[in-house]
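S.K.: Below is one structure. I have some questions about it.
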Ligand code: PHE
């Protein structure tokens, strides 16, 4: 009678065990039979209802079954664990022959590439890099550069006024003043940076653009030094066959002043679309530092002289890469930027 019951229970157990393929279900089955309220446990507890003389044999039989089922469960558990481990290993296999994913690391902006290149050229000639604020006092941007309030050349550099006395700088030349105020000659600096003018945006104009100022002040500096330095610069940037040409010009803070052209980097002076078929491209303004400017910062013009220049970085960059529209430099379209 008990024998039959045990056999039946075992059959049922084995049937259920066969259905199982993961350890969670196996654990549920273990609890169903062997847990505190499990079917086998209940049987053991039921022993107490039997007549005393039947209890030892019955107890032995139930315990036997219990051990048998426990062994089956352990076996199955080992099998399932091994299978699960195998599945995990297969899922995590790395196929080293798969093509990798290239990380997107971006590119340096063409303006930054050319700026750094020019910095290197001047550092090679013994210049240091100086810096000044983009939000600047009228005094540094105009007054101290020999451009008083009523000076007509202010019209050419109309800018954005923060207050009557504070402007967005229209040029990097105010850095000249700041450096001369805080340093004694010999001075040899370049000062790259952003400048502002209230220009309409088109292919060659932008209200924000970039310049690089240069300033040298020492005993006996001449226009010959200026020509030599700019010639070395132009050749280093655009190649040994590059020539420079000085045209007389006017700047309030230099005397004499010049605009400087370089032979077109595209046609090497032959004449092409980029240079308007002239063979030359204007890239900077320059001159000998005006005695009034030296006096303003307390440097004696009878003892010292100097030259200054201001490069148009956007122009130089466009020329170097054949970029025909300045707006491309400011739109930051990655399809454009990634070409450099
Ligand atoms: N600051 C002048 C400009 O923006 C360029 C310049 C710099 C000219 C230094 C002479 C000397 O046009």
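S.K.: Residue 188 - would you say it is more than 14 Å from the ligand (Cβ to nearest atom), assigned to a strand (DSSP E or B), in contact with a strand residue (DSSP E or B) (Cβ under 9 Å, 6 or more places away or on another chain) and more than 17 Å from residue 285 (Cβ to Cβ)?
M.R.: yes
S.K.: Now for a separate question. Out of the residues in region 164-183 that are buried (at least 21 other Cβ atoms within 10 Å of the Cβ) and not in a helix (DSSP H, G or I), which is farthest from the ligand (Cβ to nearest atom)?
M.R.: The selected residue is 167.
S.K.: Of the residues 230, 313, only one is in contact with a helix residue (DSSP H, G or I) (Cβ under 8 Å, 6 or more places away or on another chain), modelled with pLDDT of 95 or more and surrounded by 20 or more Cβ atoms within 10 Å (Cβ to Cβ); which?
M.R.: 313
S.K.: If I go through region 248-267 residue by residue, how many of them are farther than 21 Å from residue 290 by Cα and either within 16 Å of the ligand (Cβ to nearest atom) or crowded, with 20+ Cβ neighbours inside 10 Å (or both)?
M.R.: Final tally of qualifying residues: 5.
S.K.: Might you let me know whether region 94-106 holds any residue that is without any contact (Cβ under 8 Å) to a residue 60 or more places away in the chain, within 29 Å of residue 320 (Cα to Cα) and not in a loop (DSSP other than H, G, I, E, B)?
M.R.: No, every residue in region 94-106 fails to be without any contact (Cβ under 8 Å) to a residue 60 or more places away in the chain, within 29 Å of residue 320 (Cα to Cα) and not in a loop (DSSP other than H, G, I, E, B).
S.K.: Follow-up question, since we're still on this one. Pick from region 275-288 the residues that are crowded, with 17+ Cβ neighbours inside 10 Å and within 17 Å of residue 312 (Cβ to Cβ): which of them is farthest from the ligand (Cβ to nearest atom)?
M.R.: Among those residues, the one meeting the criterion is 275.
S.K.: Kindly provide the set of residues from region 6-27 that are over 55 Å from the mean Cα position of the chain (by Cα) and exposed (fewer than 14 other Cβ atoms within 10 Å of the Cβ), ordered by number.
M.R.: Selection gives 7, 8, 11, 12, 14, 15, 18, 19.
S.K.: With respect to the numbered conditions (1) part of a helix (DSSP H, G or I); (2) more than 11 Å from the ligand (Cβ to nearest atom); (3) in contact with a strand residue (DSSP E or B) (Cβ under 7 Å, 6 or more places away or on another chain), which one is the sole condition not fulfilled by residue 245?
M.R.: (1)
The values are calculated or read from the model by the stated rules, or taken from the named source; none is laboratory data. Bear in mind that the values here come from a model prediction, so they are computed numbers and not experimental data. Backbone-built Cβ (ideal geometry, glycine too); neighbour counts: all protein chains shown.
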